[in-house]
1. Averaging the inverse of every distinct alpha carbon separation and then flipping it gives the Kirkwood radius. What is it for the range A:1-54, in angstrom units?
2. Once you have the Kirkwood Rh of chain A from its Cα pairs, apply Stokes-Einstein at 10 °C and 1.306 mPa s and quote D in µm²/s.
3. Connecting C-alpha atoms closer than 10 Å in a GNM of chain B, tell me which of B:85, B:55, B:47 has the biggest fluctuation.
4. Compute the length gained on full extension between residue A:114 and residue A:67: take 0.36 nm times their separation in residues and subtract their Cα-Cα distance, giving the result in nm to one decimal.
5. Would you mind calculating the relative contact order of chain A from Cα pairs under 8 angstrom and at least 6 residues apart, reporting the percent as a whole number?
6. Apply the Karplus curve 6.51 cos²θ - 1.76 cosθ + 1.60, θ = phi - 60°, to the phi angles in the range A:44-49 and return the couplings in whole Hz, x for Gly and Pro.
7. Using the Kirkwood radius built from alpha carbon pairs, what does the Stokes-Einstein equation give as D for chain B at 10 °C and 1.306 mPa s, in µm² per second?
8. Give the cross-link partners of residue A:17 among the aspartates and glutamates, using a straight C-alpha distance below 14 Å as the criterion and excluding same-chain residues fewer than 8 apart.
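Read-outs: derived from the displayed coordinates by stated rules, not from any lab. For clarity, every value in this text was computed on a predicted model and none was experimentally measured. FYI the Cβ positions are ideal-geometry reconstructions off the backbone, even for glycines, and counts take in every protein chain you see.
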Amino acid sequence: DAMVIQNPRYQVTQFGKPVTLSCSQTLNHNVMYWYQQKSSQAPKLLFHYYDKDFNNEADTPDNFQSRRPNTSFCFLDIRSPGLGDAAMYLCATSRGGTYTDTQYFGPGTRLTVL
Amino acid sequence: DAKTTQPNSMESNEEEPVHLPCNHSTISGTDYIHWYRQLPSQGPEYVIHGLTSNVNNRMASLAIAEDRKSSTLILHRATLRDAAVYYCIRQGAQKLVFGQGTRLTINP
């Protein structure tokens, strides 16, 4: 089945130690998104790629970066994780750019910062 | 970003209909109303969307007020598997702006 895959499902890192989360998709969608979801809160969009065009949300900290080397893969890099960055990180994809687009979410990576 | 307003929680019984309300009084004319739900320990999943007319699919129905300032997601016969957080979302262009969602509890 076509899907959005996130690895790993659980990631533990130390305060200040860089960490990379990965997302892959078999849907061949143009758009890939990264969301942060803290406990008991709604998902919050960090940034998205439309093809190779990167779109950052205005309030996303500089500590968060992203890379999309090809259509299928997208990475979330946290350069110096703080305790406040502990959250579920969700990757999503969509075909591209219309108001009727459906987003397909992966299962998420739960990040713990020690 | 203008957000949507939903009740924090609702409760219903199995095999009964559920009506989940959403207010979006500042929605623009081109924004679609989308509903997603998030089951425990999973990513959100699409439920339904609409612009002006009522919509039906295999999962649910969406009733949109004539002035578009509110909508209601209808689950016709709730099952235990429908227990989730339901998000009503105003979709503009490529972005979903999530509100706080409604936590739906289904009683056996």
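1. After inverting the pairwise mean of 1/r, the radius is 13.2 Å.
2. Answer from the Stokes-Einstein relation: 113 µm²/s.
3. B:55
4. 14.4 nm
5. Relative contact order here is 38 percent.
6. 10, 5, 8, 6, 8, 10
7. After rounding, the answer is 115 µm²/s.
8. Once the sequence-local aspartates and glutamates are set aside, what remains near residue A:17 is A:77, A:85.
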